[in-house]
Amino acid sequence: MDSDKTPIRVALLGCGTVGGAVAQKLTGNAAELAARVGRPIELVGIAVRRAGRDRSELGLDPALFTTDAEGLVTRADIVVEVIGGIDPARGLILRAMEHGASVVTANKALLAEDGPTLYAAADAAGVDLYYEAAVAGAIPILRPIHESLAGDDVRRVIGIVNGTTNFVLDAMDTTGAGFGETVERAQALGYAEADPTADVEGFDAAAKAAILASLAFHTRVSSADVYREGITDVTASDIRAAREMGCVVKLLAICERTSDDGGTEGISVRVHPAMIPRTHPLAAVREAYNAVFVGADAAGELMFYGQGAGGDPTASAVLGDVVAVARHHVSGGRGPGEIAYADLPVLPMGSALTRYHISLDVADRPGVLAVVAQAFAEHDVSIETVRQQVVVDEDGEPGGEATSHAQLIVVTHMAPDAALAATVDALAALPAVGDVTSVMRVEGS
Ligand code: NDP
Ligand code: HSE
């Protein structure tokens with residue numbers, strides 16, 4: 001039993017959406033947290049950018065606030081960084097570690113850009129670096145992968161890790177509306193930020209995919225290694241096409257063990273929209289919720305579901321880390337650091353095995369299906385299903401003289417992404433093909 005009751009000093013960097021909730025819970029639940037840790041946890045200061053901002057609604061002691069973040073990090077045992085972005089967050093974290101503080105952060109952008117530097121500094125200082133909140137908000141997913149599954153072999157992690165894009169795609173599916181107007185609605189409801197670029201272009205999900213892949217495959221993966229497509233090109237007709245196939249469109253982060261054509265073992269890490277069957281558990285993830293599927297050799301399939309953003313849900317994950325790190329402070333020892341021994345190559349997107357759903361507007365005349373099928377065969381892509389819909393012309397006659405065209409919908413079997421992309425290029429160049437109206441990857445079946 002530890003008889004030392006010296007408070008563990010916590011410094012908070014940032015007091016916005018996440019920091020405000022963390023500060024309130026640290027102070028409001030102080031007695032409970034002390035009982036769980038074995039020593040009191042004392043919030044010694046909160047660094048912010050704007051000193052004069054009215055924060056009275058948080059009910060915190062005004063004396064806690066400072067704009068001297070550099071000074072604050074030198075007088076803490078644990079530094080919680082919830083400023084976000086690369087700088088000054090990185091410099092403050094490194095300075096905190098140099099002064100012997102463990103660090104808890106929610107900063108996926110920094111971890112995915114420069115995680116190894118932070119881990120090396122934590123090792124050099126003998127302190128902890130915890131970041132459960134960086135991926136999927138409240139959902140405990142990083143420690144399950146890093147620790148609970150440490151004795152198993154993770155093969156695949158596939159998830160919906162961005163709430164904003166899930167809200168937008170879900171609303172497009174429900175209302176039939178287009179991308180632009182749905183983003184505006186999401187902004188009005190407070191789900192999308194005024195500048196939604198990081199979310200809708202997939203940068204946020206790519207940073208999270210890099211973190212998930214690093215932990216799952218014991219390999220350094222940075223944001224730059226992640227193949228990324230956002231949802232800005234997803235149209236109402238893509239969503240309709242998915243619906244007709246019994247599918248829904250989701251922005252997926254996919255991390256998997258794989259090998260290329262030459263048999264080189266590696267990993268594929270990618271973020272892109274994909275159709276998934278409505279019967280797939282990830283299809284049931286609605287609104288701004290997140291979910292992550294993990295497939296491991298011995299454990300089989302595991303699914304984690306919950307709120308991926310917001311002050312209170314994210315604070316839950318941050319405080320779980322604070323308690324874990326504080327317990328190490330009391331008992332001695334550290335949590336696991338970076339484990340990157342596997343050092344697997346991140347294979348290019350072209351060698352990822354995927355399936356495509358392709359809609360084509362084609363001339364409705366003899367031999368067209370044969371030339372289309374030939375384009376697939378030339379790229380060694382096998383067709384799983386093909387469906388033709390007669391296009392009703394303006395004169396109201398199916399396949400009438402005026403236009404004589406049809407909609408062909410092809411779903412492929414699994415093939416290297418490069419072969420599928422080359423097939424689409426070849427199709428677009430065929431005289432019989434008027435337009436490639438929709439191309440989307442298919443996952444989960
Ligand atoms: P906010 O923008 O709401 O808050 C940022 C805070 O950092 C503000 O209090 C701001 O001060 C402060 N700050 C900014 N620059 C400085 C500086 N140079 N020195 C000191 N303080 C500074 O961000 P969030 O709370 O939304 O996000 C914080 C982190 O959590 C990010 O890394 C984000 O990716 C991550 N995260 C966020 C989630 C969410 O739902 N919001 C979910 C999961 C992770 P001031 O108040 O004076 O402007
Ligand atoms: N912008 C992110 C999202 C916040 O929409 O999921 C959580 O990281």
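The values are calculated or read from the model by the stated rules, or taken from the named source; none is laboratory data. This is a predicted model, so every value here is computed, not measured. Virtual Cβ from ideal backbone geometry, glycine too; neighbours counted across all protein chains shown.
Restricting attention to region 306-337, the residues that are within 16 Å of ligand 1 (Cβ to nearest atom) and not in a helix (DSSP H, G or I) total 5.
How many of the residues making up region 113-164 are more than 16 Å from ligand 1 (Cβ to nearest atom), of a type in the set (D, E, K, R) and out of contact with any Pro (no Cβ under 7 Å at 6 or more places or on another chain)? Selection size over region 113-164: 6.
Just a yes or no: is a residue in region 238-247 within 19 Å of Leu353 (Cβ to Cβ) and small (Gly, Ala, Ser)? Within region 238-247, none of the residues are within 19 Å of Leu353 (Cβ to Cβ) and small (Gly, Ala, Ser). Ala76 falls short of the stated requirement of being of a type in the set (A, V, I, L, M, F, W, C), touching a strand residue (DSSP E or B) at 6+ places or on another chain (Cβ under 6 Å) and more than 18 Å from Val325 (Cβ to Cβ).
Scanning region 272-294 for residues that are crowded, with 22+ Cβ neighbours inside 10 Å and within 16 Å of ligand 1 (Cβ to nearest atom) returns Ala288, Asn290, Ala291, Val292. Scanning region 341-350 finds no residues that are in contact (Cβ under 8 Å) with a residue 12 or more places away in the chain, assigned to a strand (DSSP E or B), surrounded by fewer than 17 Cβ atoms within 10 Å (Cβ to Cβ) and under 25 Å from the mean Cα position of the chain (by Cα).
Pairing residues of region 150-172 that are assigned to a loop (DSSP other than H, G, I, E, B) with residues that are acidic (Asp, Glu) and more than 13 Å from ligand 2 (Cβ to nearest atom), at Cβ distances under 7 Å and at least 6 apart in sequence or on separate chains, gives Asp152/Asp297; Asp153/Asp297. Residues of region 44-70 that are within 7 Å of ligand 1 (Cβ to nearest atom) and crowded, with 18+ Cβ neighbours inside 10 Å: Ala47, Val48, Ala69.
Please tell me if Gly84 is more than 16 Å from ligand 2 (Cβ to nearest atom), outside any helix (DSSP H, G or I) and surrounded by fewer than 24 Cβ atoms within 10 Å (Cβ to Cβ). Criteria not met by Gly84.
Residue by residue, here is whether (1) more than 17 Å from Phe167 (Cα to Cα); (2) of a type outside the set (Gly, Ala, Ser); (3) within 16 Å of ligand 2 (Cβ to nearest atom) holds:
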{"residue": "Ala236", "(1), (2), (3)": "no, no, no"}
{"residue": "Ile239", "(1), (2), (3)": "no, yes, no"}
{"residue": "Glu244", "(1), (2), (3)": "yes, yes, no"}
{"residue": "Val248", "(1), (2), (3)": "no, yes, no"}
{"residue": "Leu251", "(1), (2), (3)": "no, yes, yes"}
{"residue": "Ala283", "(1), (2), (3)": "no, no, no"}
{"residue": "Leu319", "(1), (2), (3)": "yes, yes, no"}
{"residue": "Gly335", "(1), (2), (3)": "yes, no, no"}
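Considering only region 3-25, I want to know if a residue exists there that is at pLDDT 95 or above, on the phi > 0 side of the Ramachandran plot and surrounded by fewer than 24 Cβ atoms within 10 Å (Cβ to Cβ). Checked against the condition, which is being at pLDDT 95 or above, on the phi > 0 side of the Ramachandran plot and surrounded by fewer than 24 Cβ atoms within 10 Å (Cβ to Cβ), region 3-25 yields no hits at all. Looking at region 414-445 only, could you name the residues that are of a type in the set (A, V, I, L, M, F, W, C) and in contact with a Gly (Cβ under 6 Å, 6 or more places away or on another chain)? Within region 414-445, Ala418 is the sole residue that qualifies. Condition first: buried (at least 24 other Cβ atoms within 10 Å of the Cβ) and within 14 Å of ligand 1 (Cβ to nearest atom). Now tell me which residues in region 187-209 satisfy that. The answer is Asp199, Asp204, Ala205, Ala206, Ala207, Lys208.
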